[in-house]
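Structure first, commentary second.
The values are calculated or read from the model by the stated rules, or taken from the named source; none is laboratory data. On a predicted model such as this, the values are computed, not experimentally measured, just so you know. Neighbour counts run over all protein chains shown; Cβ positions are idealised from the backbone, glycine included.
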Amino acid sequence: MKQLLLIIILLLSQFLLKAQEVGAIKKEAQKAKEQRDSKSGNQKAPERQGNQNNQNYDSHHYDSGLGGSLDACFSCFGGIANLTSLIFTSNANFNKKQLENHIYRNKSLEFDLKLGVDPINPTLFSGRITYNTGAFSFDYRRNLIYEKTFRGNTDYLSTVDFRYLQFNLVNNKSFNLRVGTGLYIDPIKEYWPEYSGSADFYFMENFQLGLEYIYAGNSGIKALEEFNMKLAYSIINKPNKRVDIVAFGMNQLYYNTIRLNTFGIGINYRPQFGSF
């Protein structure tokens, strides 16, 4: 009888711990903010001292510095213009080769909706928009996580991933390899640099296996580490449109403390453009 009672108490304690994960993530986010602010304050102290020492510079030095800065600025703008032109030309050539090989997904939009659950409590709603423009992609994802607390209330958190630059390093009919960088906005609206890598395998005409790794954090703080995978089957697969039914799994580690394992289903709609 005592053993049975002990098992019940252990199971109940596990349920209570899981039922408070959204609140725990928010608390860890606040701790991470305070930790980063503390480190940032320590780093700024020498700068203020240096600024006080520089107040003794005379106007002659200031004017000379201004002229040099203007020259450097014009040079910088010229370099940016040349780099932009090179990127545009390279991307156009990339698109032309892709079109010749009838690979249209590199010039497309993707609308992705997912619904998932952690095996015990939290529920995930995820929406994602991706714009593929040849050698580059841009990506916006918002995750909403809901859970019922032990008292019967509903608690939730919201996060955003904005990958403002991704490189399609390899893109052929059967394989896509992508790396990117961007910003992660955590549950208390703090911004963290984010880095990602993904690989997609296309096989048997209508199947896609996708793997993705995401890391967000700085100042020695890991705000988010995520590994997710999906298996998609296209119910519509045409040169100008693809619609997939998706099964996915997601492993997320928040602040190196709280782990969520989410499994679910979704739908992906990808209008593809056959001309450039």
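For the stretch 214-234, the set of residues classified as of a type in the set (D, E, K, R) and closer than 30 Å to S40 by Cβ consists of K222, E225, E226, listed by residue number. Would the stretch 178-185 turn up any residue that is more than 19 Å from A247 (Cβ to Cβ) and of a type in the set (D, E, K, R)? Yes: the stretch 178-185 contains one or more residues that are more than 19 Å from A247 (Cβ to Cβ) and of a type in the set (D, E, K, R). With the structure loaded, tell me whether G197 is crowded, with 17+ Cβ neighbours inside 10 Å and modelled with pLDDT of 95 or more or whether it fails that test. The answer is no for G197. Evaluation of D155 against the conditions (1) in contact (Cβ under 8 Å) with a residue 40 or more places away in the chain; (2) of a type outside the set (S, T, N, Q); (3) crowded, with 20+ Cβ neighbours inside 10 Å; (4) under 22 Å from K114 (Cα atoms) shows that the sole unmet condition is (3). For Y156, the requirement of being under 30 Å from K27 (Cα atoms), assigned by TED's automatic domain parsing to the domain that holds G220 and in a strand (DSSP E or B) is met. Among the residues of the stretch 237-260, those identified as modelled with pLDDT of 95 or more and over 17 Å from A32 (Cα atoms) are V243, D244, I245, V246, A247, F248, G249, M250, N251. Residues in the stretch 201-240 that are farther than 18 Å from D112 by Cβ, among the charged types (D, E, K, R) and surrounded by 14 or more Cβ atoms within 10 Å (Cβ to Cβ): K222, E225.
Conditions (1) more than 29 Å from R259 (Cβ to Cβ); (2) in the same structural domain as Y254 (by TED's automatic domain parsing); (3) among the β-branched types (V, I, T), marked per residue:
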site: G116; (1), (2), (3): no, yes, no
site: S126; (1), (2), (3): no, yes, no
site: I129; (1), (2), (3): no, yes, yes
site: T133; (1), (2), (3): yes, yes, yes
site: R142; (1), (2), (3): no, yes, no
site: I145; (1), (2), (3): no, yes, yes
site: F162; (1), (2), (3): no, yes, no
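For F136, state whether it is under 15 Å from S196 (Cβ atoms) and touching a residue at least 24 places away in the same chain (Cβ under 8 Å). Yes. Please find, among Y255, Y269, the residue that is surrounded by 14 or more Cβ atoms within 10 Å (Cβ to Cβ), among the hydroxyl-bearing types (S, T, Y) and touching a strand residue (DSSP E or B) at 6+ places or on another chain (Cβ under 6 Å). The unique qualifying residue is Y269.
Applying the condition of being of a type in the set (A, V, I, L, M, F, W, C) and closer than 15 Å to E226 by Cβ to the stretch 107-152 and asking which residue is surrounded by the fewest Cβ atoms within 10 Å (Cβ to Cβ) yields L124.
Annotation: L144 fulfils all but one of (1) of a type in the set (A, V, I, L, M, F, W, C); (2) assigned to a strand (DSSP E or B); (3) in contact with a helix residue (DSSP H, G or I) (Cβ under 6 Å, 6 or more places away or on another chain); the unmet one is (3).
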